[in-house]
Amino acid sequence: MSIEFRGVSIGPLKDFSATAPAGAIIGLVGGRNSGVAELLKVAGGALEPTSGEVAADGHRRYVALGEPLNLAPAAVLALDQVLATQDALVRARTLPGLDRLRRSGSTVLLASHEDRLLETLCDEVWWLEAGALAAKGDPRETLTRYRRSIAEQVRAWGETIPPRLAPSFRRGDGRAEVIALETLGANGQPTIVWKSGEYVSVRATVRFHEAVAEPVIGMIVRTQVGFEVYGTSTEAERVPVGPRKAGESVTVVFAFLCDLCPQAYTLTLYSQDPDGSVHDWLDDAVAFSITDERATLGVANLRAKVTIEAPPAS
């Protein structure tokens with residue numbers, strides 16, 4: 001049996017209208033105060049809207065996170081993150097059960113943070129934002145739009161927290177000192193979050209306490225478990241820094257296309273002589289993270305293009 005929301009208002013939901021067809025599993029995504037939780041409770045009959053109405057015939061049931069997973073026949077079944085805490089056996093049994101309900105004509109509304117589950121199980125995905133329907137339709141397309149929005153929000157949040165110089169280990173003879181280190185986004189603003197594919201930069205300022213003839217300033221990107229992802233230096237890029245006198249400072253900017261996969265990373269910065277004699281070495285000096293709308297594995301986001309070749313003519 002289909003369920004129709006007609007001008008429903010409750011909590012963050014404001015004049016919400018949409019129809020979920022019979023014999024379908026509808027995935028629901030949205031952040032805090034998006035209205036997903038309230039919509040599920042209204043759909044399952046656990047709450048009455050303060051205004052508007054819900055049109056649906058037959059028994060409606062709402063199941064919250066942590067409650068027993070009841071998949072008995074119902075016209076409308078509203079499930080709020082119910083698979084999040086279930087073990088592999090329960091999940092394996094649940095998915096065929098949901099499919100049986102769909103084939104019997106039930107309407108299932110399922111909220112989940114698992115994109116892969118929603119893409120494979122759902123007929124349609126609704127994305128709610130601030131109590132309104134931001135997008136609905138094909139699961140993969142809707143989730144891509146949702147992830148893009150989340151990535152942009154995380155990227156914007158990163159600019160509200162300036163990078164903090166906190167090396168896990170520091171060593172050197174003291175002839176030079178790294179006094180500032182910033183991770184900058186494409187807009188030139190300091191941030192602790194970069195978007196995969198963004199043109200970014202690392203800006204480091206080094207002060208010399210003694211004269212140094214040929215200083216080399218370099219950087220290393222590592223994963224949080226210490227795997228070295230990328231490194232370069234003024235010497236490798238053939239950009240001379242010296243000679244430098246005592247009391248002088250220099251600011252070096254490393255700019256690059258950040259094609260890294262989403263996860264947490266650290267940045268190591270150093271100043272040394274060409275023979276490796278270290279003036280100042282800051283291991284894991286700044287922590288940053290990468291966000292993206294696509295889920296990828298590993299550290300290098302190679303952005304592969306996949307095609308299907310036609311079979312050769314017989």
Point to revise | Hull-based mean projected area of segment 181-246, where the convex hull spans the alpha carbons, in square nanometres | key: 5.7 nm²
Practice item. Among DSSP beta bridges whose residues both lie in the chain, state the antiparallel percentage, nearest 5. Key: 75 percent
**Study point:** Rg(Cα) / (2.2 N^0.38 Å) computed for the chain, rounded to two decimals
**Key:** 1.37
Exercise for review: Subtracting the Cα-Cα distance from 0.36 nm times the residue separation, let me have the gained length for residue 93 to residue 249 in nm, one decimal.
Suggested key: 49.7 nm
Check your understanding: By how many nm would the segment from residue 153 to residue 307 lengthen if fully extended, with 0.36 nm per residue of separation less the alpha-carbon distance?
Key -> 52.3 nm
**Study point:** Protein-only accessible surface order, largest first, of 198, 235 at 1.4 Å
**Key:** 235, 198
Revision key, fill the gap. Candidates 36, 125, 239; GNM for the chain (alpha-carbon contacts under 10 Å) flags as most fluctuating 239
Check your understanding: Taking the alpha carbon gyration tensor of segment 157-314, what are the square roots of 5 times its eigenvalues, largest first, to the nearest whole Å?
Key -> 35, 18, 14
Check your understanding: Within straight cross-link reach of residue 245, meaning Cα distance under 20 Å, which aspartates and glutamates are found once same-chain residues fewer than 8 apart are removed?
Key -> 173, 177, 210, 214, 235, 273, 275, 280
Check your understanding: Hey, if we sort 199, 265, 62 by accessible area with the 1.4 Å probe, largest down, what's the order?
Key -> 199, 62, 265
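What is the projected area of the convex hull of the Cα atoms of segment 254-314, averaged over all directions, in nm²?
Across all orientations, segment 254-314 yields a mean hull projection of 8.1 nm².
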Practice item. Please state the charge dipole magnitude for the chain, taken about the Cα centre, from unit charges on C-beta atoms (+1 on K and R, -1 on D and E), reported in debye and rounded to the nearest 20. Key: 540 debye
Check your understanding: Taking a ≥ b ≥ c as the square roots of the eigenvalues of the Cα gyration tensor of segment 30-82, is the shape rounded (a/c under 1.5), prolate (a/b larger than b/c) or oblate?
Key -> oblate
**Study point:** log₁₀ of I(q)/I(0) at q = 0.16, 0.21, 0.23 Å⁻¹ - segment 87-173, Debye sum with one point per alpha carbon
**Key:** -0.79, -1.08, -1.18
Review point. Per-residue ellipticity at 222 nm for the chain, helices alone: DSSP H runs ≥ 4 residues times -39500 (n - 2.57), over residue total, nearest 500 deg cm²/dmol?
Key: -5000 deg cm²/dmol
**Study point:** Charge dipole (debye, nearest 20) of segment 160-314; +1 at Cβ of Lys and Arg, -1 at Cβ of Asp and Glu
**Key:** 320 debye
Point to revise | Surface per residue (accessible, 1.4 Å probe) for segment 232-273, Å² | key: 48 Å²
Check your understanding: Any idea what the relative contact order of segment 28-181 is, in percent, if you count C-alpha pairs under 8 Å spaced at least 6 apart?
Key -> 22 percent
Check your understanding: To the nearest Å, what is the center-to-center distance of segment 119-198 and segment 204-251, using C-alpha atoms only?
Key -> 27 Å
Check your understanding: How long, wide and thick is segment 212-294, going by the Cα atoms along their three principal axes, in whole angstroms, largest first?
Key -> 47, 22, 22
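The values are calculated or read from the model by the stated rules, or taken from the named source; none is laboratory data. Predicted model only: the values in this text are computed from it and were never measured. Glycine gets a Cβ as well: all are built from the backbone with ideal geometry, and neighbour counts include every protein chain shown. With ligands, DNA and RNA removed, areas are computed over all heavy atoms of the protein, side chains included. Shrake-Rupley method; radii C 1.70, N 1.55, O 1.52, S 1.80 Å.
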